[in-house]
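Visitor: After the structure tokens below, expect a handful of questions from me.
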Amino acid sequence: MTITPTVTPAPAPTPSATPTPTPTPTPTQEAALIPNPAVPDLVPNAEPVPLPQGPAADLGSTPGARGTPTADGAGALLSYTVVAGDAFFDIAQRFNIPVQLLLTMNPSVPGVGENIYIKQIINLDWTTTR
């Protein structure tokens, strides 16, 4: 004799609609909406903060900066000659110079450095830009 179980589904409970109360702002939230007189006003077109400047440091050849730099008698880096496969960003990284500063030091480099050419001389002497 085989017994077949019978399954009777139970009815799902009907959700009741309960109104959600409107949140009341706390004193802390209200205080955040009041201007703080201790916070200084923003000044439009304020003088930009200068980038840190210092002597270039050769961190070693990389795939995007494989050329040889020139240095003075004291070892301070003066310039770098672009070779095939170089990228301006990689040159800046190799010599630990922010790209913006390297662009400032090299006004003959067009745009943001995307168009450099083989045998182009890149200035690494930050003292010439002061």
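The values are calculated or read from the model by the stated rules, or taken from the named source; none is laboratory data. Note that the structure is predicted; figures quoted are calculated from it, not measured. We place every Cβ from the backbone using ideal geometry, glycine too, and count neighbours over all the protein chains shown.
Visitor: Return the residues of the range 112-130 that are of a type in the set (Val, Ile, Thr), assigned to a loop (DSSP other than H, G, I, E, B) and out of contact with any helix residue (DSSP H, G or I) (no Cβ under 8 Å at 6 or more places or on another chain); say none if nothing qualifies.
Guide: Ile118
Conditions (1) buried (at least 16 other Cβ atoms within 10 Å of the Cβ); (2) on the phi > 0 side of the Ramachandran plot; (3) modelled with pLDDT under 90, marked per residue:
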{"residue": "Phe88", "(1), (2), (3)": "yes, no, no"}
{"residue": "Leu103", "(1), (2), (3)": "yes, no, no"}
{"residue": "Lys119", "(1), (2), (3)": "no, yes, no"}
{"residue": "Trp126", "(1), (2), (3)": "yes, no, yes"}
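Visitor: Filter the range 61-111 down to the residues that are under 14 Å from Trp126 (Cα atoms), in contact (Cβ under 8 Å) with a residue 40 or more places away in the chain and assigned to a loop (DSSP other than H, G, I, E, B) and list them by number.
Guide: Ala76, Asn96, Ile97, Pro98
Each row is one residue, and each column tells you yes or no for (1) modelled with pLDDT of 90 or more; (2) under 26 Å from Tyr117 (Cβ atoms); (3) in contact with a strand residue (DSSP E or B) (Cβ under 8 Å, 6 or more places away or on another chain).
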{"site": "Pro11", "(1), (2), (3)": "no, no, no"}
{"site": "Ala17", "(1), (2), (3)": "no, no, no"}
{"site": "Pro21", "(1), (2), (3)": "no, no, no"}
{"site": "Thr24", "(1), (2), (3)": "no, no, no"}
{"site": "Asn45", "(1), (2), (3)": "no, no, no"}
{"site": "Arg66", "(1), (2), (3)": "yes, yes, no"}
{"site": "Ala71", "(1), (2), (3)": "yes, yes, yes"}
{"site": "Ser79", "(1), (2), (3)": "yes, yes, yes"}
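Visitor: Now for a separate question. Looking at this structure, is Val83 in contact with a Phe, Trp or Tyr (Cβ under 8 Å, 6 or more places away or on another chain), over 12 Å from Pro55 (Cα atoms) and β-branched (Val, Ile, Thr)?
Guide: no
Visitor: Would you mind finding the one in Leu33, Leu59, Leu51 that is touching a helix residue (DSSP H, G or I) at 6+ places or on another chain (Cβ under 9 Å), at pLDDT below 70 and on the phi < 0 side of the Ramachandran plot?
Guide: Criteria check complete, one pass: Leu51.
Visitor: In the range 112-130, how many residues are of a type in the set (S, T, N, Q) and touching a residue at least 24 places away in the same chain (Cβ under 8 Å)?
Guide: Going through the range 112-130, the residues of a type in the set (S, T, N, Q) turn out to be 115, 120, 123, 127-129.
Narrowing the set further to residues that are touching a residue at least 24 places away in the same chain (Cβ under 8 Å) leaves 120, 123, 129.
Total meeting the criteria: 3.
Visitor: Additional query: Tell me, which residue of the range 93-130 that is closer than 19 Å to Thr68 by Cβ and of a type in the set (D, E, K, R) is farthest from the chain's Cα centre (by Cα)?
Guide: Here the residue is Lys119.
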